[in-house]
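In what follows, a structure is listed as structure tokens, so that the remarks can point back to it.
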Amino acid sequence: GVPALDELAHHVEPPRGHNVSDLGELPHDQVPALFGALDVGVVCNADSLFARYCDPQKLAEMRACGLRAVVADTFGGTMRQEPAALWLYPPGDADSLAAQLRSALRHDEPLAPSAGITWADRALTLESVLRDTIQDRAAAS
């Protein structure tokens, strides 16, 4: 494992109860089967600089599996352009999270799996940002 996470695991007690299942670490090839068994997925991120700029891998995996997702809105509203398969809640707001979970569970239309964003898409976006930056600097000189 990752040393910092292994150390943290010794200090944080996982939730326990009849309705909680700790599946441990799953091999990557088993993640689609898990997501296929869920009615809704949740991406919980605290509002932080990292969360505002990250692209949560689990969200991409959930969307690729056609899973509805309730997501902490740490993206400054940019996720509002996403498909209806996303339900956003303010980070840390348990009441809003619960309301969005209820809403997502009431959504009974099947969702088509999303192809997601590829590395080629990311490369094109990066190229565009770099070209714009170069043009802006050239214009400012």
Open item on the list: Any residue that is under 11 Å from the mean Cα position of the chain (by Cα), touching a residue at least 12 places away in the same chain (Cβ under 8 Å), within 20 Å of Leu105 (Cβ to Cβ) and assigned to a helix (DSSP H, G or I) - is there at least one of those in the range 43-60?
Closed with: yes
- [ ] Return only the number of the condition from (1) open to solvent by less than 60 Å² (accessible area, probe 1.4 Å); (2) at pLDDT 90 or above; (3) in a helix (DSSP H, G or I) that Asp95 does not satisfy.
- [x] (1)
Open item on the list: Can you find a residue that is surrounded by 10 or more Cβ atoms within 10 Å (Cβ to Cβ), in contact with a Leu (Cβ under 6 Å, 6 or more places away or on another chain), modelled with pLDDT of 85 or more and assigned to a loop (DSSP other than H, G, I, E, B) anywhere in the range 72-81?
Closed with: yes
Open item on the list: When you check Glu25 against the structure, is it among the charged types (D, E, K, R) and either open to solvent by less than 60 Å² (accessible area, probe 1.4 Å) or at pLDDT 80 or above (or both), yes or no?
Closed with: yes
Open item on the list: Checking the structure you have, find out if any residue of the range 39-59 is hydrophobic (A, V, I, L, M, F, W, C), exposed (fewer than 11 other Cβ atoms within 10 Å of the Cβ) and modelled with pLDDT of 85 or more.
Closed with: yes
Task: the range 28-38, subset small (Gly, Ala, Ser) and surrounded by 10 or more Cβ atoms within 10 Å (Cβ to Cβ), residue nearest to Ser103 (Cα to Cα) - done: Gly36
Task: Scope the range 101-141; condition closer than 19 Å to Gly66 by Cβ, exposed (fewer than 10 other Cβ atoms within 10 Å of the Cβ) and without any contact (Cβ under 8 Å) to a residue 24 or more places away in the chain; matching residues - done: Arg106, Asp108, Glu109, Thr118
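The values are calculated or read from the model by the stated rules, or taken from the named source; none is laboratory data. Every value quoted in this text rests on a predicted model; they were computed, and no experiment measured them. Ideal geometry is used to build each Cβ from the backbone, glycine not excepted, and the neighbour counts take in all protein chains shown. Just the protein is used for accessible areas: all its heavy atoms, side chains included, with ligands, DNA and RNA removed. Shrake-Rupley method; radii C 1.70, N 1.55, O 1.52, S 1.80 Å.
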